Amino acid sequence: MTATLTSEVLQDDIAVSLARVMAAANKRARELGVDIADSLITITQEPINGDVLWRVNYGPKSYLSRRGGDLIIDVDPRNSNITRVLEGQ
């Protein structure tokens, strides 16, 4: 099913910012060998020194009886720059 985005939706600053953040994080995750389609992705805001970063976490979809192995990417929403990458063991 195709959905057309209205100009009202495209004026939602948080939604557009989050789309840019996800695109940047997905690109880095792919470069690091993460199968994005097979990942459980969670996104949270992290307050850092008065600013807010988006933290994108890639973990296995089947996480029961598994430990570690997540990839965490912090992205600055102002410019979509990746500020930190943490790889789980």
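The values are calculated or read from the model by the stated rules, or taken from the named source; none is laboratory data. Note that the coordinates shown come from a computational prediction; the quantities given were computed from them, not determined experimentally. Quick reminder, even Gly has a Cβ in these numbers, built from the backbone with ideal geometry, and neighbours come from all protein chains shown.
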Inset, instruction - Check the range 55-66 and report whether any residue there is touching a residue at least 24 places away in the same chain (Cβ under 8 Å), in contact with a Phe, Trp or Tyr (Cβ under 9 Å, 6 or more places away or on another chain) and of a type in the set (Ser, Thr, Tyr). - result: no
Inset, instruction - Go through the range 37-47 residue by residue and tally those that are over 16 Å from Arg78 (Cα atoms) and exposed (fewer than 13 other Cβ atoms within 10 Å of the Cβ). - result: 4
Inset, instruction - Take the residues in the range 28-53 that are charged (D, E, K, R) and more than 15 Å from Glu87 (Cα to Cα), then tell me which one is modelled with the lowest pLDDT. - result: Asp51
Inset, instruction - Please state which one of Arg28, Arg20 is surrounded by 12 or more Cβ atoms within 10 Å (Cβ to Cβ), touching a strand residue (DSSP E or B) at 6+ places or on another chain (Cβ under 6 Å) and not aliphatic (A, V, I, L, M). - result: Arg28
Inset, instruction - Could you check how many residues of the range 4-47 are in contact with an Asp or Glu (Cβ under 8 Å, 6 or more places away or on another chain) and of a type outside the set (Asp, Glu)? - result: 1
Inset, instruction - Identify, by number, the condition in (1) at pLDDT 90 or above; (2) surrounded by fewer than 14 Cβ atoms within 10 Å (Cβ to Cβ); (3) not in a helix (DSSP H, G or I) that Val56 doesn't meet. - result: (2)
Legend entry - Residues of the range 71-89 satisfying the condition of being in contact with an Asp or Glu (Cβ under 9 Å, 6 or more places away or on another chain) and at pLDDT below 90: Glu87, Gly88
